[in-house]
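Asks: Handing you this structure, nothing more for now.
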Amino acid sequence: MITRKGIEQKLLSNRLHGLLPEGLIAPDYAGYSIDSIPSFIRGLFGGRVDRGEVLLPLLPSDLPQRVILLILDGMGYMHLTRLLSQFPDMFLNRLVDRGEMLPLTSVFPATTATALVSLSTGVTPQEHGMLGYRLYLKETSAITNMINLSLLGNGASDTALKAGIDEKTFLAPPTLFELLRALDVRSHVIMNKNIAKSGLSHLLYNGAAKMHKVVNLSDMLVVTRKTLNEVKGKA
């Protein structure tokens with residue numbers, strides 16, 4: 001398998017035939033990119049890996065019963081690498097020592113709404129259609145804020161749902177949680193209570209067995225541990 005440094009070099013050397021300015025990194029779709037994560041997680045539960053086959057060597061021979069996907073919005077690989085070096089006693093260093101740490105590219109555009117949909121569905125922005133923070137949607141006939149699903153000129157959250165968006169069908173690709181349910185895996189989503197009920201959350205986490213609302217990071221860690229101890233079967 002290619003080493004971490006080898007992956008870094010591969011990603012940094014992709015200049016799109018000289019079109020990409022120095023310092024910018026192009027997405028490595030279906031390879032070392034975040035759109036490969038959902039397929040890899042399905043593989044951890046014995047499902048078919050249909051994207052990101054380059055990650056197959058990371059699949060353990062003894063498949064786990066529990067998998068945690070921790071998303072830190074805005075935490076880039078380079079910045080995390082510097083933090084791990086600066087704070088050697090940080091708990092994440094122990095996780096790295098016990099496993100593998102590999103660089104993955106984000107999607108383009110690398111906005112929260114776009115990246116979260118790729119992490120939820122395992123497809124690229126071109127495939128899922130969530131191309132930015134604000135989109136003009138035929139369903140609402142208006143420019144729509146895709147974070148809180150509000151319409152331009154109306155700051156109230158989820159007004160796009162009342163204007164015509166069907167949260168069950170708006171995203172054409174099935175979510176990771178729907179696909180895991182077919183593998184008899186119960187998914188638990190743990191997130192801040194202020195956004196847990198938002199329309200975007202309903203779009204992204206359709207198929208999850210339960211949504212746990214927390215107030216801060218420490219609460220999230222406590223709820224995660226409690227859920228791992230209490231849940232039955234694969235999760």
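Asks: Per the helix-only calculation at 222 nm, which mean residue ellipticity applies to the chain, given -39500 (n - 2.57) for every DSSP H run of n ≥ 4 and division by its residues, nearest 500 deg cm²/dmol?
Replies: Details: 11 runs with 86 residues, N = 235.
After summing the helix terms and dividing by residue count, I get -9500 deg cm²/dmol.
Asks: What number comes out for the charge environment of E178, summing +1 per Lys or Arg and -1 per Asp or Glu over other residues with Cβ under 14 Å away? It would help to have the intermediate numbers written out before the result.
Replies: Numbers: positive: R42, K168, R181, R186; negative: E167, D184.
With Lys, Arg at +1 and Asp, Glu at -1, the net is +2.
Asks: Got a sec to turn the phi values of segment 19-27 into Karplus ³J(HN,Hα) couplings, 6.51 cos²θ - 1.76 cosθ + 1.60 with θ = phi - 60°, whole Hz, x for Gly and Pro?
Replies: Result, rounded to whole Hz: 7, 8, x, 4, x, 9, 10, 7, x.
Asks: Now for a separate question. Quick check: from the Cα gyration tensor, does segment 1-108 come out rounded (a/c under 1.5), prolate or oblate? Please list the in-between numbers first.
Replies: Values: a/c = 1.95, a/b = 1.18, b/c = 1.66.
It comes out oblate by the Cα gyration axes.
Asks: Quick one: of the DSSP bridges fully inside segment 81-233, what percent are antiparallel, nearest 5? Before the final figure, lay out the partial values.
Replies: Working: 6 of 11 bridges.
Bridges in segment 81-233 are about 55 percent antiparallel.
Asks: Could you order peptides 224-232, 13-21 by the average number of other Cβ atoms within 10 Å of their residues, highest first? Show your work: numbers first, answer last.
Replies: Working: 224-232: 11.7, 13-21: 9.3.
Ranking, from highest mean packing down: 224-232, 13-21.
Readers should treat all values here as calculations from the given coordinates under stated rules, not as data from a laboratory. Remember, predicted model here, so these are calculated numbers, not experimental data. Here Cβ is always computed from backbone atoms with ideal geometry, including for glycine, and neighbour counts include all displayed protein chains.
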